[in-house]
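Input: a single structure, listed below in structure tokens.
The values are calculated or read from the model by the stated rules, or taken from the named source; none is laboratory data. No experiment lies behind these values; they were computed from the predicted model shown. Cβ placement follows ideal geometry from the backbone for every residue including glycine, while neighbour counts extend to all protein chains displayed. The accessibility values were calculated without ligands, DNA or RNA, using every heavy atom of the protein model including side chains. Shrake-Rupley method; radii C 1.70, N 1.55, O 1.52, S 1.80 Å.
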Amino acid sequence: MAVDRARIEAAVAEILAAIGEDADRDGLRATPRRVADAYGEFFGGLGHDPVALLSDTVPVGERTGELVLLRNLSFRSVCEHHLLPFVGTAHLAYLPGEHVVGLGRLPAVLDTLAARPQLQERLTEEVADALQSGLAPRGVLVVLDAVHGCVSTRGPRQTASSTVTMASRGELSDPIARAEIMNLIGSAA
Ligand SMILES: [Zn+2]
């Protein structure tokens, strides 16, 4: 689903007027268009089904079926409370059941769910749910570690603080299994 660029541009021009700016001055003239471009990216995941990205799984077959962990994936999303970006690192793990999927599909699921107004907590759960329903694995673990624009740039301006959220399903909800993966994630730094 594409964003309505004309409405975004009109709304941004209105915001510029509301803060007392001259929307026609040189530096701002292209701003509504640039913001519409940015919002097209930020919210381009709306209307897209992340589970559909996991449709071409292959049987585990000869492979071991042991843990698959993608560490240190960069991601960005936009907090739905302030429409400010939050950016950080994701770690996605699953324990295959009967099927595995191409490794590139995991960050694609994350990007699709991140490209909409979000809460980090809900994004974490939604990624776990998408992997669970698309892969029918024995377990899923999702860890997101992000810095929020609304925390770092306004109010108390906690620039050094990041927020860590976690969601697990199935066998990877087991504390021992989870600790083992957290250990692997930690050793990436
Ligand atoms: Zn916020």
Exercise. Just checking, how many residues over segment 69-94 are under 14 Å from Gly134 (Cβ atoms) and in contact (Cβ under 8 Å) with a residue 60 or more places away in the chain?
Worked result: 1
For this session: Within segment 176-185, identify whether any single residue is closer than 26 Å to Ser55 by Cβ and open to solvent by 20 Å² or more (accessible area, probe 1.4 Å), and answer yes or no.
Result: no
Exercise. Looking at (1) surrounded by 14 or more Cβ atoms within 10 Å (Cβ to Cβ); (2) within 16 Å of the ligand (Cβ to nearest atom); (3) more than 14 Å from the chain's Cα centre (by Cα), can you tell me which one Arg116 breaks?
Worked result: (3)
Exercise. Within segment 171-178, can one find any residue that is of a type outside the set (Lys, Arg) and touching a strand residue (DSSP E or B) at 6+ places or on another chain (Cβ under 6 Å)?
Worked result: yes
Exercise. Tell me, which residue of segment 132-153 that is within 13 Å of the chain's Cα centre (by Cα) and open to solvent by less than 10 Å² (accessible area, probe 1.4 Å) is nearest to the ligand (Cβ to nearest atom)?
Worked result: Ala146
Seminar exercise, completed: Listed by first then second residue, the pairs whose first member lies in segment 114-142 and is more than 14 Å from Arg76 (Cα to Cα), whose partner is of a type in the set (Phe, Trp, Tyr) and at pLDDT 95 or above, with beta carbons under 7 Å and at least 6 positions apart or on separate chains, are Leu131/Tyr94; Leu135/Tyr94; Pro137/Tyr94; Gly139/Tyr94; Val140/Tyr94
Exercise. When you look at Phe75, is it in the same structural domain as Gly170 (by TED's automatic domain parsing), surrounded by 15 or more Cβ atoms within 10 Å (Cβ to Cβ), within 30 Å of Ser152 (Cβ to Cβ) and out of contact with any Lys or Arg (no Cβ under 9 Å at 6 or more places or on another chain), yes or no?
Worked result: yes
Problem set entry | segment 125-155, residues that are over 18 Å from Val68 (Cβ atoms) and among the polar types (S, T, N, Q) | Ser152, Thr153
Exercise. Does segment 80-113 hold any residues that are open to solvent by less than 50 Å² (accessible area, probe 1.4 Å) and within 16 Å of the ligand (Cβ to nearest atom), and which are they?
Worked result: Phe86, Gly88
Seminar exercise, completed: Residue hits (segment 118-127; out of contact with any Ser or Thr (no Cβ under 7 Å at 6 or more places or on another chain) and either of a type in the set (Asp, Glu) or assigned to a helix (DSSP H, G or I) (or both)) are Arg122, Glu125, Glu126, Val127
Seminar exercise, completed: Taking segment 159-181 and keeping residues among the hydroxyl-bearing types (Ser, Thr, Tyr) and part of a helix (DSSP H, G or I) leaves Ser173
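Which residue out of Ala160, Ala167 is open to solvent by 70 Å² or more (accessible area, probe 1.4 Å), of a type in the set (Gly, Ala, Ser) and more than 16 Å from the ligand (Cβ to nearest atom)?
Ala160
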